[in-house]
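Notes follow once the structure below has been shown.
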Amino acid sequence: MTSTPSLDVSAARALIAADPDVLVVDVRTPGEYATCHIPGAVNLPLDQIDAHLNRIVADAGGQLLLVCQVGGRAAQARARLTGAGLEGSTILAGGMNAWNAAGGPTSGADDGGRPRWSLERQVRLVAGSLVSSSVLAGVWWPPAGYLAGFIGAGLTFAAITDTCAMGMALARLPYNRGPRFDAEATLLRLRGGRPDGRATS
């Protein structure tokens, strides 16, 4: 099975409407997912994929539409799944940022979820705070300025490799964990079942 690596919002919405077997898989943190997600999406955080990779590949039925905030984490998830032999997954180009900008329907905070900042926004806050505080501290202790250079080098590396160690570290904080990740319920959804144990029609 092959698929287009990425779809824009209009194409993704058309695909979801036309094919009931398409499963939207949100690879953001549980906290981000609880704040805002595409209706019907299942949450499979990126940091859980490796731990359950064999089961995901064995259980996935139908086409997967992978979603994150801007597209980077979804691309990483697709690479891991493809490398393990699961073909046919597709990425939502621009992620939830593009989906929201296009007025796509969402579930989440309006349904009682606690609003949380996206992981990308948290990275900008932490990196910016570290750089500004190290520059300020450098006025009194010049070696502190090296931290700003280290953060800048880390952000450059993150951009070149499309990975982010700071983001992955922040994803593990209680703030981003949200409800406990239920691997069995998620894998059941990937097989085309429902959390109550019954198959979908």
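The values are calculated or read from the model by the stated rules, or taken from the named source; none is laboratory data. Not measured: the values here are computed from a predicted model. Glycine also receives a Cβ, built like all others from the backbone with ideal geometry; neighbour counts cover every protein chain displayed.
Would you be able to tell me the number of residues in segment 1-33 that are part of a helix (DSSP H, G or I) and surrounded by fewer than 23 Cβ atoms within 10 Å (Cβ to Cβ)?
Keep residues of segment 1-33 that are part of a helix (DSSP H, G or I), which gives 9-18, 30-33.
Checking which are surrounded by fewer than 23 Cβ atoms within 10 Å (Cβ to Cβ) leaves us with 9-11, 13-18, 30.
Qualifying residue count, segment 1-33: 10.
Can you tell me which residues in segment 69-112 are charged (D, E, K, R) and in contact with a helix residue (DSSP H, G or I) (Cβ under 7 Å, 6 or more places away or on another chain)? Can you show your working first?
So the first thing to find is which residues in segment 69-112 are charged (D, E, K, R), and the list is 73, 78, 80, 87, 110-111.
Result: Arg73, Arg80.
Rundown of residues vs (1) modelled with pLDDT of 90 or more; (2) of a type outside the set (A, V, I, L, M, F, W, C); (3) more than 15 Å from the chain's Cα centre (by Cα), yes/no style:
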position: Ala11; (1), (2), (3): yes, no, yes
position: Leu15; (1), (2), (3): yes, no, yes
position: Ala18; (1), (2), (3): yes, no, yes
position: Asp26; (1), (2), (3): yes, yes, no
position: Tyr33; (1), (2), (3): no, yes, no
position: Pro39; (1), (2), (3): yes, yes, yes
position: Cys68; (1), (2), (3): yes, no, no
position: Ala75; (1), (2), (3): yes, no, no
